[in-house]
Amino acid sequence: MSHTPADSAESAAPAFRSEVTVELVKHAAGDSDVLWAARVSTAGEQSLEELQKDPERSKGLINYLMRDRHGSPFEHNSMTFFISAPIFVFREFMRHRVGWSYNEESGRYRQLEPVFYVPATDRKLVQQGRPGKYEFVEGTEAQHELTTRTMEDSYRQAYAAYQEMLAAGVAREVARSVLPVGLFSSMYATCNARSLMHFLGLRTQHEQAKVPSFPQREIEMVGEQMEAHWAKLMPLTYAAFNANGRVAP
């Protein structure tokens, strides 16, 4: 008896990568969105005139809104990202629920590709200290070799088990159970500037941050790429975010 999933699974060989990717696929976001939303409280329908004005002339208002934490004007915009990262990154990501929408590829409905995460050589491997007071430091060459070798061996074994079950006709939704959280997945994530600022305040480290954060490096890599896209779309809002301690309003 022939099983289509097995036929394609037999030709698949595991691949290993250390980088995550973030693509801005759609957006309706600009500094003017903050201004017309804020000025409706005093100008009513005339606030729509802000769409035709240079936002640079009103950067003081944006800074005021950020500084005094008038947050709702920063919600009238939208950005959709296509993100490719290990599953364990997405499990952290989805703790951010307010102002976010997600759709991730499904292991129930498609055969999962054998692409797995292995840390790059510059990834700090060793944790020192106690919870709440620990830091990460560089690993030795031997620790990096061990990490790479054991991860790759484990991934190969797990994906071989996945292929074996598919070949035997086991449903994808059952067979996927043997795959590790280091498997790469992909998803669309949609947010507004306010929800993104909250994410960045928790998931990135930055010298201008008023409140320190200690994110796992892999989700920080995603955050850094999202931040770079957002900074180009809303430069005045981004500057005010940094100038006011990177605390979401």
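Some points to look at:
- Förster radius 35 Å - calculated FRET efficiency between Ala12 and Arg95 (Cβ-Cβ, nearest 0.05): 0.65
- Chain lengthening between Arg110 and Glu141 when straightened (0.36 nm per residue, less Cα-Cα): 7.4 nm
- Considering segment 79-151 at the alpha-carbon level, its Rg and Dmax are found to be 16.4, 43 Å.
- Each Lys or Arg adds one and each Asp or Glu takes one away; over the other residues whose Cβ falls under 15 Å from the Cβ of Met221, this sums to -3.
- GNM result for the chain, Cα springs below 10 Å: residue of Glu173, Glu75, Glu224 fluctuating most strongly: Glu173
- Counting only protein heavy atoms and using a 1.4 Å probe, the accessible area of Val181 comes to about 80 Å².
- Bins of 5 Å, starting at 0 and running to the largest distance - Cα pair percent for segment 112-221: 2, 9, 14, 15, 16, 14, 14, 10, 5, 2, 0, 0
- Of Tyr117, Tyr134, Tyr155, the one that fluctuates the most in a GNM where the chain has Cα springs shorter than 10 Å: Tyr134
- Order of exposure, largest accessible area first, which applies to Glu92, Glu23 with probe 1.4 Å: Glu23, Glu92
- Order of exposure, largest accessible area first, which applies to Arg217, Arg69 with probe 1.4 Å: Arg69, Arg217
- Per-selection metrics, segment 55-176 (Cα): Rg and Dmax in Å: 21.8, 66
- Using a probe radius of 1.4 angstrom, the carbon and sulfur fraction of the accessible surface of segment 35-143 is 48%.
- Per-residue ellipticity at 222 nm computed for the chain from its helices equals -13000 deg cm²/dmol, with DSSP H segments shorter than 4 residues left out and the rest contributing -39,500 (n - 2.57).
- Summary value for the chain: 31 percent relative contact order, contacts being C-alpha pairs under 8 angstrom separated by 6+ residues.
- Rounded to the nearest 0.05, the FRET efficiency derived from the C-beta distance between Lys124 and Val40 at R0 = 41 Å is 0.30.
- For Phe214 and Val181, the difference between the fully extended length at 0.36 nm per residue and the C-alpha to C-alpha distance is 9.8 nm.
- Amide hydrogen proximity for Arg246: with H placed 1.01 Å from N in the peptide plane, the residues at 5 or more positions away or on another chain lying under 5 Å are Lys210.
- Segment 147-188 and segment 53-94 have their alpha-carbon centroids 36 Å apart.
- At a probe radius of 1.4 angstrom, the accessible area of the chain per residue rounds to 55 square angstrom.
- The alpha carbons of the chain occupy a box of 71, 47, 25 Å along the principal axes, longest dimension given first.
- Taking only the alpha carbons of segment 191-249, we obtain Rg and Dmax values of 10.3, 28 Å in that order.
- Fully extended contour minus Cα-Cα distance, from Gln157 to Glu224, at 0.36 nm per residue: 20.9 nm
- Peptides ranked, highest mean first, by Cβ atoms within 10 Å: ranges 126-132, 58-64: 58-64, 126-132
- Extending 7 Å from Cα along the Cβ direction at Gln205 and again at Ala28 yields two label points whose distance is 3.9 nm.
- Most to least packed among 188-197, 96-105 [average Cβ atoms within 10 Å]: 188-197, 96-105
The values are calculated or read from the model by the stated rules, or taken from the named source; none is laboratory data. The structure displayed is predicted, hence computed values, not measured ones. Positions of Cβ are generated from backbone atoms using ideal geometry, with glycine treated the same way; all protein chains shown enter the neighbour counts. Heads up: the accessible areas ignore ligands, DNA and RNA and are worked out on the full protein's heavy atoms, side chains in. Shrake-Rupley method; radii C 1.70, N 1.55, O 1.52, S 1.80 Å.
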